[in-house]
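Have a look at the structure below, then the notes.
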Amino acid sequence: MKSISTRPRGRTTIGDVAARAEVSQATVSRVLNGVENVQEEYRRRVLEAIKELDYEPNRLASNLRRSRVAMLGVVVSDIENPHFTEAVRAVEDAAFARGYRVLVCNTDESAEKQREYLKLLAAERVAGVILTPSEAAAPEVTELLDLGMAVVAFDRAVTDPRADLVAAKNAEGVEAAVAHLAELGHRSIGLVAGPPNITSGDERRDGYLRGLATRGLEPAIADGGFRIDGGRRAVGELLDAHPELTAMIFANNLMTLGGLHGLSARGVQVPADLSVIGVDDPFWAALVSPPLTTLGQPVREMASCAVELLFRRIDGDVSEPERIILDLELRSRSSCQPPRSGGIGRG
């Protein structure tokens, strides 16, 4: 996704300083934050570039003091989503064991709320931030990194390459779900997708399309916005436009909930009329009737990796940013079976 700069024309950035000094942005950040392990020549060049360019730290710098508090910021896109609830719990457990406390922020998929929360976390001098971005290219993420704050993107990537990333193999997972349905004999498979320009949603859509293309099948996609109501609405759109569907994949657990309600309201039985696979494996997936086939994410392992990465950065690790991408697991239950001929054909 292409990032569009929002900085005022003429404003000098840390990137400009790095280019003038012929060093990395990370080196400039270390000089600005008084880190000692910088070669003297590099330090001299950075300081000269700062003076020549009349560089001043961005607006968040005035909110930061030299000392950090033993607190982590965790910014998630939807705290009601069990995927993120479980992740926050795992992060809090790991942080508490190391003497840190956690400040949790819920953006509700709002770029504006994300901006305000990132400013708040800077003002609170948190030691680091684990972020599920609602806006991947947000300038506030870059500003936190410019100031030397540790940032780990969780579940979704940010555009600034200096942030670490912990996520799942979304495309591969959904492609495996398509393969599972195709092996059962399904030739008309729909997708209730997440919103565009969110990496996890885009990757799941890509995996679906790739799985269909491999088998010469036609796509049928509706956007459910990663929400319960969106899933319910998307099911109606898909069934109205494609009554031949015999299977659906839901790109997150909230849309699966809404979709199941929408199917029930139309008298569509799972799996007799329609096979269903959901991405995410919340506790209720095995308890509903029929138990759902899902693509389970290793949420606690992902959260553990994110915390360990964050603490490594807090402790001074300045190695290259890491990308930890974990597998999704297809957990086969009772919501999938070979299709009936002719599709649903229900209105």
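The values are calculated or read from the model by the stated rules, or taken from the named source; none is laboratory data. Everything numeric in this text was worked out from a predicted model, so none of it was measured. Here Cβ is always computed from backbone atoms with ideal geometry, including for glycine, and neighbour counts include all displayed protein chains.
Right, Val279: more than 23 Å from the chain's Cα centre (by Cα), closer than 23 Å to Arg227 by Cβ and modelled with pLDDT of 95 or more or not? If you could, list the steps in order and put the result at the bottom.
Working: more than 23 Å from the chain's Cα centre (by Cα): no; closer than 23 Å to Arg227 by Cβ: yes; modelled with pLDDT of 95 or more: yes.
No: the conditions fail for Val279.
Among the residues of the range 185-205, which ones are of a type outside the set (S, T, N, Q) and touching a Ser or Thr at 6+ places or on another chain (Cβ under 7 Å)?
Initial filter on the range 185-205 (of a type outside the set (S, T, N, Q)): 185-187, 189-196, 198, 201-205.
Within the range 185-205, His186, Gly194 qualify.
Answer yes or no: is there a residue in the range 53-65 that is at pLDDT below 65, in a helix (DSSP H, G or I), closer than 16 Å to Ala127 by Cβ and polar (S, T, N, Q).
Let us first name the residues in the range 53-65 that are at pLDDT below 65, namely 57-65.
If we keep only those that are in a helix (DSSP H, G or I) too, we end up with 61-63.
Keeping just the survivors that are closer than 16 Å to Ala127 by Cβ gives 63.
Adding the requirement that they be polar (S, T, N, Q) leaves 63.
Yes, that holds for at least one residue.
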Only residues in the range 228-256 that are more than 17 Å from Ser335 (Cα to Cα) count as the first member; pair them with residues that are outside any helix (DSSP H, G or I) and of a type in the set (Ser, Thr, Tyr), Cβ under 9 angstrom, at least 6 apart or cross-chain, and list the lot. His242/Ser188; Glu244/Ser188
What's the number of the only condition in (1) assigned to a helix (DSSP H, G or I); (2) surrounded by fewer than 22 Cβ atoms within 10 Å (Cβ to Cβ); (3) out of contact with any Ser or Thr (no Cβ under 7 Å at 6 or more places or on another chain) that Gln269 fails to meet? (1)
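Suppose we keep only residues that are of a type in the set (A, V, I, L, M, F, W, C) and assigned to a strand (DSSP E or B) within the range 277-314. Which one would you say is surrounded by the fewest Cβ atoms within 10 Å (Cβ to Cβ)? Don't jump to the end; show me each part of the working.
To start, the set of residues in the range 277-314 that are of a type in the set (A, V, I, L, M, F, W, C) comprises 277, 279, 283-288, 292, 295, 299, 302-303, 305-307, 309-311, 314.
Of the ones still in play, those that are also assigned to a strand (DSSP E or B) are 277, 279, 295.
Numbers: Ile277: 26, Val279: 28, Leu295: 29.
My answer is Ile277.
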For the list (1) modelled with pLDDT of 90 or more; (2) surrounded by fewer than 18 Cβ atoms within 10 Å (Cβ to Cβ); (3) more than 16 Å from Arg313 (Cβ to Cβ), I need the number of the one condition that Val23 fails. (2)
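Somewhere in the range 247-262, is a residue aromatic (Phe, Trp, Tyr) and assigned to a helix (DSSP H, G or I)? Even if it seems obvious, please write down each step before you answer.
If we filter the range 247-262 for residues that are aromatic (Phe, Trp, Tyr), which is where we start, we get 250.
Add one more test, that the residue is assigned to a helix (DSSP H, G or I), and what stays is none.
No, there is no match, as no residue in the range 247-262 is aromatic (Phe, Trp, Tyr) and assigned to a helix (DSSP H, G or I).
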